[in-house]
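Have a look at the structure that comes next, please.
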Amino acid sequence: FPSSRPTIPTAPLTARMRDALRAIVGEKGLIDDEHGKQPYVTDWRGLLVGGAGAVVRPGSTEEVSKVVRLCHEHGVAIVPQGGNTGLMGGATPWPAHTGIVLSLGRMNRVLDVDAVGYAMTVEAGCVLQTLQETASRHDRFLPLSLGAQGSCMIGGNLSTNAGGVQVLRYGNARNLVLGLEVVLANGDVWDGLRALKKDNTGYDLKHLFMGAEGTLGIITKAVLKLWPAPKDVCTAWLAIRDPRAALEILSEAHAASGDNVGSCELMSRSAIDMVLRHIPGTQDPLKADTPWYLLLEWSSSRARQDGTEGMTEKLEQFLADQFEAGRVLDAAIAHTGNQSRNMWRIRDSVAEASRAEGPGLSYDVSVAISRIPGFIDQGLKAVLDILPTIRPYPLGHIGDGNLHFSFMGPKGMDQQTLTQYSSAITRAVNDLITSMGGSISAEHGIGIDKLDELSHYRSKTELDIMRTIKRALDPQNIMNPGKVLRL
Ligand code: FAD
């Protein structure tokens with residue numbers, strides 16, 4: 001936790017309130033024993049452990065509304081929580097938190113799939129992977145895809161405006177939404193659950209709540225956009241010359257694939273080795289030993305016709321050209337589902353492997369795409385100047401200009417010692433990304449971890465606008481207090 005704690009409401013959960021909450025959500029909807037609360041007050045990385053009077057698990061929007069209204073009347077703070085996979089501590093209460101954690105996990109129904117209209121209406125507690133599978137059963141595609149998809153929930157995805165590995169083609173989570181239903185800080189329900197592609201009736205309110213990390217209201221339902229299901233997919237694993245080559249390959253891939261690039265993920269050798277060390281069953285797709293790799297996927301909703309050129313043939317030809325140009329040094333194309341899954345598993349397991357590796361630092365930054373190679377060079381130099389034995393393992397969604405600029409601590413160094421270097425390293429990385437016109441948080445949000453960084457790097461005007469919105473929608477500061485903004 002940052003050393004200086006922001007002001008958060010400390011109204012306690014009285015016995016009467018507990019009874020009132022139990023009456024709303026039922027016995028199974030209230031957890032107030034220490035053991036039961038533990039997973040809800042601990043963040044995914046196991047680094048932050050907060051406090052809570054109780055965990056409340058409503059089963060409907062009406063119950064959420066009643067719970068929030070009750071908390072509002074008593075000035076009790078609420079931390080909304082989905083799958084608790086966020087990496088910035090946004091879903092973790094501060095240790096001084098005396099209010100509730102409101103978990104959306106019981107609100108997990110798919111309410112409607114409109115295959116003809118390419119839309120799906122869902123409750124906020126649906127697990128992302130379940131929604132992908134539901135869309136697929138209707139021959140449709142929900143493109144939001146990230147390593148935590150087996151446990152993160154759509155309400156959390158929208159509240160963090162999650163990115164992932166398909167942003168290049170389909171955009172961030174906020175681009176996948178047609179409508180929202182939100183419970184406001186006073187318990188009122190805003191029904192914006194409209195499936196309209198066009199709606200220019202004043203301010204677009206749904207965008208206020210997406211990316212707000214639960215500080216403005218609780219997302220209870222959403223109408224999501226769907227796309228045609230991919231029918232012809234080809235995944236390849238490339239050893240490449242350097243990050244600049246990755247940009248050149250991507251730039252040419254758009255036209256060569258007929259605008260069918262689905263994903264383009266940059267990985268360093270050290271990130272791959274870390275995964276192979278810690279994640280059982282993963283296999284190195286290539287025997288190459290170069291510092292940089294690219295996971296490239298092309299996909300089309302048009303099924304491959306016999307005798308015509310499909311994605312695999314197109315990608316093979318493209319890679320031959322890239323090999324000639326000296327950008328690709330070696331390549332493996334997945335010819336089976338297992339080979340493709342293995343490639344994706346390596347990419348998706350980096351966060352899990354880093355947790356197993358031990359103490360480390362990670363910066364989720366973005367910059368204009370063409371500036372990525374320069375940022376990597378200068379950023380590595382700046383960090384290694386501060387701590388020469390730190391072990392970098394950069395990777396990223398390179399087509400989005402998004403790097404996870406990550407480091408394992410020096411061998412044998414404990415978390416406490418690494419923390420002594422972390423402020424200097426954080427300042428060096430964030431100063432550099434800002435000087436290059438980039439962002440200190442590309443897709444993971446602010447939460448608790450970047451609370452002070454946001455105040456440092458956003459302008460007074462921007463912070464004033466954000467505070468004005470927060471105070472207007474949540475004057476008592478009960479919605480996820482002490483996250484995103486210091487008031
Ligand atoms: P939580 O962690 O429960 O909550 C996140 C924030 O949203 C908190 O501030 C919480 O208060 C708020 N919140 C949750 N639900 C609601 C709601 N219904 N209404 C209002 N506020 C709410 N992120 C990416 O963007 N791209 C990636 O590629 C990516 N890969 C990941 C890989 C791994 C292995 C892991 C562990 C995480 C990864 N993440 C990634 C981060 C994380 O998975 C995403 O931020 C995800 O969107 C969080 O969803 P969640 O349901 O777990 O939310």
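Values in this text are rule-based calculations from the coordinates and carry no lab data. Given the structure is predicted, the values throughout are model-derived calculations rather than measurements. A quick note on method: Cβ atoms are made from the backbone with ideal geometry, for glycine too, and the neighbour counts reach across all protein chains shown.
Can you list the residues of region 103-143 with backbone N under 15 Å from a point 7 Å past the Cα of residue 175, pointing along Cα to Cβ?
Taking a point 7 Å out along Cα→Cβ of residue 175, the residues of region 103-143 whose backbone N falls under 15 Å are 142-143.
Still on this structure: From Cα pairs below 8 angstrom and at least 6 apart in sequence, can you work out the relative contact order of the chain, rounded to a whole percent?
Worked out over the chain, it gives 17 percent.
What percent of all Cα-Cα pairs in the chain falls in each 10 Å bin, counting up from 0?
4, 19, 29, 26, 16, 5, 1, 0
For the chain, with the dipole built from +1 on Lys and Arg beta-carbon atoms and -1 on Asp and Glu ones, taken about the Cα centre, which of 472, 334, 13 lies farthest toward the positive end?
My answer, from the dipole projection, is 13.
Further question on the same structure: For region 358-444, what relative contact order do you get, as a whole percent, if you take Cα pairs closer than 8 Å and at least 6 residues apart?
This gives 47 percent for region 358-444.
Here is a follow-up. Which log10 I(q)/I(0) values does region 358-444 give at q = 0.10, 0.16, 0.23 Å⁻¹ under the Debye formula, counting every alpha carbon as one identical point scatterer?
-0.22, -0.56, -1.10
A further question on this structure: If I fit a long axis through the Cα atoms of helix 61-74 and take the longest principal axis of the Cα atoms of the chain, what angle between them do I get, 0 to 90°, rounded to 10?
That works out to roughly 60 degrees.
Still on this structure: Just to verify a number: FRET efficiency for residue 416 and residue 370, C-beta to C-beta distance, R0 = 51 Å, to 0.05?
Computed FRET efficiency for residue 416 and residue 370 comes out at 0.85.
Then there's this: Which residues does the label zone of residue 19 cover in region 145-187, counting backbone N under 19 Å from a point 7 Å along Cα→Cβ?
Those under the cut-off are none; the list is empty.
By how many degrees, between 0 and 90 and to the nearest 10, does the Cα long axis of helix 337-348 differ from the longest principal axis of the chain?
60 degrees
Next question. Taking the 0 to 90 degree range and rounding to the nearest ten, how far is the long axis of helix 460-473 tilted relative to the main principal axis of the chain, both from C-alpha atoms?
Between helix and principal axis, roughly 50 degrees.
Calculate the tail of P(r) for region 110-228: the fraction of all Cα-Cα distances greater than 17 Å, expressed in %.
52 percent
For each of 364, 330, 33, count neighbouring Cβ atoms within 10 Å of the residue's Cβ, then give the residues from fewest to most.
Going from least to most buried by this count: 33, 330, 364.
When the Cα centres of region 411-487 and region 1-78 are compared, how far apart do they sit, in Å?
If we compute the Cα centre of each part, the gap is 24 Å.
Show me the ranking of peptides 102-109, 198-205, 134-141 by mean Cβ neighbours inside 10 Å, starting with the highest.
Result, highest mean first: 102-109, 134-141, 198-205.
Return the FRET efficiency for the residue pair residue 205, residue 73: r is the Cβ-Cβ distance, R0 is 35 Å, and the value is rounded to the nearest 0.05.
After rounding to 0.05, the efficiency reads 0.90.
Mean separation of Cα pairs under 8 Å and 6+ residues apart, divided by the residue count of region 1-139: what relative contact order is that in percent?
Relative CO of region 1-139 lands at 25 percent.
Among 478, 219, rank each residue by its count of other Cβ atoms within 10 Å, from fewest to most, as a rough exposure measure.
478, 219
Tell me whether region 275-389 comes out rounded, prolate or oblate; compute the Cα gyration tensor, take square roots of the eigenvalues as a ≥ b ≥ c, and use a/c under 1.5 as the rounded threshold.
Note, shape of region 275-389 comes out prolate.
Which order, highest average first, do 155-163, 366-374 follow once you tally other Cβ atoms within 10 Å for each residue and take the mean per peptide?
Order by mean packing, descending: 155-163, 366-374.
When a/c reaches 1.5 or more, the comparison of a/b and b/c decides; with that in mind, is region 35-102 rounded, prolate or oblate per its Cα gyration tensor?
prolate
Right, another one. Relative to the present Cα-Cα distance, how much length would full extension add between residue 381 and residue 231 at 0.36 nm per residue of separation?
The span from residue 381 to residue 231 would gain 49.6 nm if fully extended.
I want to check the label-to-label distance for residue 356 and residue 190. Put each point 7 Å from Cα in the C-beta direction and report it in nm to one decimal.
Once both label points are built, they end up 4.2 nm from each other.
Distance from a point 7 Å along Cα→Cβ of residue 290 to each backbone N in region 300-335: keep the residues under 15 Å and list them by number.
Hits in region 300-335 for residue 290 at 15 Å: 319-333.
Give me the number: length gained by fully extending residue 114 to residue 283, i.e. 0.36 nm times residue separation minus the C-alpha to C-alpha distance, one decimal in nm.
Full extension from residue 114 to residue 283 adds 56.9 nm.
Return 333, 448 ranked ascending by Cβ neighbour count within 10 Å, so the fewest neighbours appear first.
Going from sparsest to densest Cβ surroundings: 333, 448.
Right, another one. Quick check on region 223-282: take the gyration tensor over C-alpha atoms, sort the square-rooted eigenvalues as a ≥ b ≥ c, and tell me if it's rounded (a/c under 1.5), prolate or oblate.
Oblate.
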